[in-house]
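Contents: one structure, followed by commentary.
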Amino acid sequence: MKNIAVFVSGGGSNFKAIHQQISLGEIPGQIVLVISNNPKCSAIEYAIENSISHVIINETRYPNPHTRNELLTATCVKAEIDLICLAGYMKMLPPAIVKEYENKILNIHPGLLPEFGGKGFFGMRVHEAVIESGKRESGATVHFVDEIYDHGPIIAQKKVEILESDTAESVAAKVLKLEHELFPEVVKAFCEDRIMIENNKPKLVEYNEN
Ligand code: GRF
């Protein structure tokens, strides 16, 4: 059973999707900690409603960046976290935590990386850029986190077709729906030790019944 920490800043629909699959017994893990920079977000409300421990770490509570950064790692280490899921966490992770949890931090991105990623590509900006590009498909990506935005090794993607009639808003809705399938699937694979890394390339290993 893996101990999972989920980092959130907003609505937390991906956090809820993962939590629901855990509650259904689909994932051999438990969310033992939710970390947020935003005490007022719906994700924190959901954590409270479901009695999941949460910790707020932000500039207001911890103005010293060194203390703040250290606290992020220390809180996860103390809770014996095996996996960190970034589910709409709007802050850059400090290098120390990335190093401590190498290949143990997952991020979900609402586009098909390596395109439409990096600094500035978040939320609707991703979908607007996709529409402007005239691409016929978009999708969601789950990747391991390294020290560069949206750059770490890609684990899995799901794609969706873009129709003539689509707008950035309609693509956003389709992609979010895919995210709710993809993120729990990758978390499940991680918790079942089915993500192998060869030459820095993660590979999802399917079940072997034998
Ligand atoms: C998702 O679109 C995710 O890809 C991005 O932030 C959004 C978070 O949405 N990283 P939610 O808070 O999980 O609803």
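The values are calculated or read from the model by the stated rules, or taken from the named source; none is laboratory data. Values in this document were obtained by computation on a predicted structure and should not be read as measured data. So basically every Cβ, Gly included, is an ideal-geometry build from the backbone, and we count neighbours across all protein chains shown. Accessible surface areas use protein heavy atoms only, side chains included; no ligands, DNA or RNA. Shrake-Rupley method; radii C 1.70, N 1.55, O 1.52, S 1.80 Å.
Heavy-atom surface analysis with a 1.4 Å probe gives the chain a carbon and sulfur content of 50 percent of its accessible area.
Taking each residue as 0.36 nm, the span from E181 to A168 lengthens on full extension beyond its C-alpha to C-alpha distance by 2.6 nm. For region 1-74, the mean projected area of the C-alpha convex hull, equal to one quarter of the hull surface, is 4.9 nm². With 23 Å as the limit, the listed pairs K99/K201; K16/K135; K16/K203; K99/K159; K2/K104 have K16/K135; K16/K203; K99/K159 beyond it between alpha carbons. Shown are F116, F7, whose ranking by accessible area with a 1.4 Å probe and every protein chain present, most to least, is F116, F7. Can you give me the accessible area per residue for region 1-60, using a 1.4 Å probe, in Å²? Result: 43 Å² of accessible area for each residue. Taken over the Cα atoms of the chain, the convex hull encloses 132 Å³ per residue.
With protein chains left intact and a 1.4 Å probe, residues in region 84-198 average 49 Å² of accessible area per residue.
Treating cross-link reach as a plain straight distance, find the aspartates and glutamates whose alpha-carbon is under 16 Å from the alpha-carbon of K78, omitting any fewer than eight places away in the same chain. Candidates past the 8-residue exclusion: E70, E100. Our coupling estimate for region 103-116, obtained by passing each phi through the Karplus curve with A = 6.51, B = -1.76, C = 1.60 and θ = phi - 60°, is 6, 10, 10, 9, 10, 10, 10, x, x, 8, 4, x, 7, 6 Hz, Gly and Pro reported as x. Entry note, the chain: the mean residue ellipticity at 222 nm calculated from DSSP H runs of n ≥ 4, each adding -39500 (n - 2.57), is -11000 deg cm²/dmol after division by the residues and rounding to the nearest 500.
Close amide-amide hydrogen proximity is noted between M90 and S9, each under 5 Å apart and 5 or more residues distant or on a separate chain (H modeled in the peptide plane; Pro and chain starts excluded). Working note: Karplus 6.51/-1.76/1.60 with θ = phi - 60° gives region 79-87 the couplings 7, 6, 6, 9, 9, 10, 10, 8, 10 Hz, where Gly and Pro are set to x.
Protection proxy ranking, highest mean first, for peptides 92-102, 50-60: 92-102, 50-60, where packing is the per-residue count of other beta-carbon atoms within 10 Å, averaged.
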